[in-house]
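Encoded as structure tokens, the structure appears first; notes follow it.
The values are calculated or read from the model by the stated rules, or taken from the named source; none is laboratory data. These numbers come from a predicted model, not from an experiment. Positions of Cβ are backbone-derived with ideal geometry, glycine not excepted, and every protein chain shown enters the neighbour counts.
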Amino acid sequence: MDVWYAHLDIEPALSQFRSQVKATRFKAAEKLLASAHTRDSTQALGKLTTVVEGRRQIISDPPMIVPIEEVFADVQADAIYELIHAVLGKYQHTLQSDRRHLLEQFTLVHVARKVVGVGSVCTRAWVLLMDAMDGDEPLFLQAKEAQPSVLAAYAGRSQYSNQGERVVAGQHLMQAQSDIFLGWTRVPAPDGVDRDFYVRQLRDWKFSAPIEQMLPEGMTVYARLCGWTLARAHARSGDRIALAAYLGGSDKFDQAIADFAETYADQNELDYAALQAAIKDGRAEAATEI
């Protein structure tokens, strides 16, 4: 029960951070934390949308975000809208009743394709602009395609037949507080293939710490916070007793992870140098400043 209810209180963490870094760095950290509270759908409304002929729509910013009308022909775009409506209709039944009631107060306004992170390359991702009819209270949802885990070939098939449900169940298990709109669905795509999706808010107070600006002392504190959070996730989702027994009381595992991290960093630098050489020689093409 202690493991299940354990959570990270940001105020003591900031106090520890304050004692380890220079005042200017701490003020920057406080500013980042404050800005995280503004990273919501209201903030995204002014940044990601505009009003055209009285209708709010998502701004085209290729290749990162492109409205589906620009990606597909009219007929296919209509099919995508039908797909998204189906995603929303089925997805809302995976939410708690109170959250489903809240979602029903919003209607779909516009949809755009979004380029997502490296771990989701070649998967479908859509940004959904929802409106609560007053025009001032938007909700941005992101529907992301979920495919079988890369570990399935080695650890066996997941107990979940829907890959979106697998992702959502994992996040609920590991996170102290998950997105209230986190859910999943499966719908037939326009190409005739059934595809699994999970849905979440596009922005719900997320932020990343600028590690490139940290002093070594601050980086140490930040690493400990990340380590604690990761350990908590493993303790909730795995066999914490078996993990503790495997790790033991020595620092052998710690040193092994540190050695691996250094080797991995070196390999990244070598790989990047090889990519730059390939671009310079004309063996590869690259687009910059995207």
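Quick look at the numbers
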{"read-out": "Pairs, first in the same structural domain as TYR91 (by TED's automatic domain parsing) and among the small types (Gly, Ala, Ser) in the range 142-154, second crowded, with 16+ Cβ neighbours inside 10 Å and assigned to a loop (DSSP other than H, G, I, E, B), C-beta under 9 Å, six or more apart", "value": "ALA143/ARG124; ALA146/ASN162; SER149/SER158; ALA152/SER158"}
{"read-out": "Single residue of the range 154-169 satisfying the filter (outside any loop (DSSP other than H, G, I, E, B) and either among the basic types (Lys, Arg) or out of contact with any Ser or Thr (no Cβ under 7 Å at 6 or more places or on another chain) (or both)) that is surrounded by the fewest Cβ atoms within 10 Å (Cβ to Cβ)", "value": "TYR154"}
{"read-out": "In the range 176-223, the residues that are at pLDDT below 90, surrounded by 13 or more Cβ atoms within 10 Å (Cβ to Cβ) and basic (Lys, Arg)", "value": "ARG203"}
{"read-out": "Residue in the range 207-223 that is under 24 Å from LEU129 (Cβ atoms), in contact with an Asp or Glu (Cβ under 8 Å, 6 or more places away or on another chain) and touching a residue at least 24 places away in the same chain (Cβ under 8 Å) present", "value": "no"}
{"read-out": "Check on PHE181, in the same structural domain as SER97 (by TED's automatic domain parsing) and either in a loop (DSSP other than H, G, I, E, B) or more than 28 Å from GLN147 (Cα to Cα) (or both)", "value": "yes"}
{"read-out": "Out of VAL115, VAL150, sole residue that is under 30 Å from ASP239 (Cβ atoms) and among the hydrophobic types (A, V, I, L, M, F, W, C)", "value": "VAL150"}
{"read-out": "Counted residues, the range 49-85 - those being surrounded by 16 or more Cβ atoms within 10 Å (Cβ to Cβ), not in a strand (DSSP E or B) and not hydrophobic (A, V, I, L, M, F, W, C)", "value": "1"}
{"read-out": "Residue in the range 98-107 that is within 26 Å of VAL193 (Cβ to Cβ) and either outside the structural domain of LEU48 (by TED's automatic domain parsing) or in a helix (DSSP H, G or I) (or both) present", "value": "no"}
